[in-house]
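*Asks:* Below you will find the structure I want to go over with you.
The values are calculated or read from the model by the stated rules, or taken from the named source; none is laboratory data. Owing to the predicted nature of the structure, the values given are computational and were not obtained by experimental measurement. So basically every Cβ, Gly included, is an ideal-geometry build from the backbone, and we count neighbours across all protein chains shown. Protein only, heavy atoms only, side chains kept; ligands, DNA and RNA dropped before computing areas. Shrake-Rupley method; radii C 1.70, N 1.55, O 1.52, S 1.80 Å.
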Amino acid sequence: MANKTLFGIVCGLVAASIWGGMYVVSKVVLEVIPPFSLLAMRLVLGALALGIVIALRRKGGFTKRQFIDSFLVGIVGYGISLGFQFVGTKLSTASNGALVTSATPAFVLLFAPYILKEKTTVRGVIALAVSSLGVVAVIDPRTADFSSSLFMGNLSLLAAALTWALYSVLVRKVSKTGDLLVSSTVMLIGGIPSSVVFGYYEFVGQGIGEITPGIIGGILFLGIISTAIAMFLWNYAFAQLPASTASLTFFAQPIVGTILGWFFLGEKITPLFIFGGVMIGIGILISSREN
């Protein structure tokens, strides 16, 4: 059990770290390809990559009910949540996005008792509080802007955090009845219809820029590494761990993003950042001891 808990935490941390590190790649690719068009490509590539693994493995049954449940969960996570994320990022600021979406673990703690019947424990609340204090230190809310002109953007970011928490909790529920790899693939497929529709209107209105080998490499990275692999690892973490514990691994995202910003962009790492990273680690450790 201890090994399974540790592996689940590692999977969640790796997934969140990949997402924290994809900022540089996304920034370059988004200069050429509009957001929803890129999302559609990511989801298609991710589903194809996992589909190839499923075909090679040649095992694991899946019922019609399991397909429908996984597809609907995919709509919540990849159709709705990532849509809100794109809109919010466009209408708000990057610092606001990092701060508001860090509320995701708190929302997981809100949904888990009702959907999964998982009890909210004192240890879990303490772990969330300690980790949240850490992420506030890492992000530094003094850089956020909550002026009225950004209200709709901030509201969209809040909706993104809320729906991603709901998606994550539903992953744990769905994973109890079906093959996780097949379920993860169907979830990615669930986000394709809406992203294709919005991507089409983007393509008609904006078009796309020049596709270079570097852009193709970026698309492959985002589709295979950031989507197929990272999403599966995230789903695995929630399948193996109590939702309250798995959700705390989400906080690795701003840490990795800041470290890469320091390494590639020359951004500063402050003592407050180091303090925050330590607090996040302590919070995850506190939560893991409960399993």
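*Asks:* Tell me, which residue of the range 221-266 that is farther than 19 Å from Val135 by Cβ and not hydrophobic (A, V, I, L, M, F, W, C) is modelled with the lowest pLDDT?
*Replies:* Top of the filtered list is Gly266.
*Asks:* Can you tell me how many residues in the range 237-265 are in a helix (DSSP H, G or I), crowded, with 22+ Cβ neighbours inside 10 Å and either of a type in the set (Phe, Trp, Tyr) or out of contact with any helix residue (DSSP H, G or I) (no Cβ under 7 Å at 6 or more places or on another chain) (or both)?
*Replies:* 3
*Asks:* Within the set of pairs 6+ apart or on separate chains, which have a first residue in the range 15-43 that is outside any helix (DSSP H, G or I) and at pLDDT below 85, a second that is open to solvent by 20 Å² or more (accessible area, probe 1.4 Å) and among the β-branched types (Val, Ile, Thr), and C-beta atoms under 9 Å apart?
*Replies:* Met22/Ile225
*Asks:* Then there is this: Taking the options Ser183, Ser226, name whichever one is at negative phi, crowded, with 23+ Cβ neighbours inside 10 Å and touching a residue at least 12 places away in the same chain (Cβ under 8 Å).
*Replies:* Ser183
*Asks:* Let me ask something else about it. Out of all the residues in the range 198-235, which are assigned to a helix (DSSP H, G or I), more than 24 Å from Leu181 (Cα to Cα) and of a type in the set (A, V, I, L, M)?
*Replies:* If the condition is that a residue be assigned to a helix (DSSP H, G or I), more than 24 Å from Leu181 (Cα to Cα) and of a type in the set (A, V, I, L, M), then Val204, Ile215, Ile216 are the ones that fit.
*Asks:* If a residue must be in contact (Cβ under 8 Å) with a residue 12 or more places away in the chain and open to solvent by 50 Å² or more (accessible area, probe 1.4 Å), how many such residues does the range 213-223 contain?
*Replies:* Going through the range 213-223 one residue at a time, the tally reaches 3.
*Asks:* Going through the range 105-141 one residue at a time, which ones are closer than 18 Å to Gly77 by Cβ and open to solvent by less than 30 Å² (accessible area, probe 1.4 Å)?
*Replies:* Pro105, Val108, Ala112, Leu116
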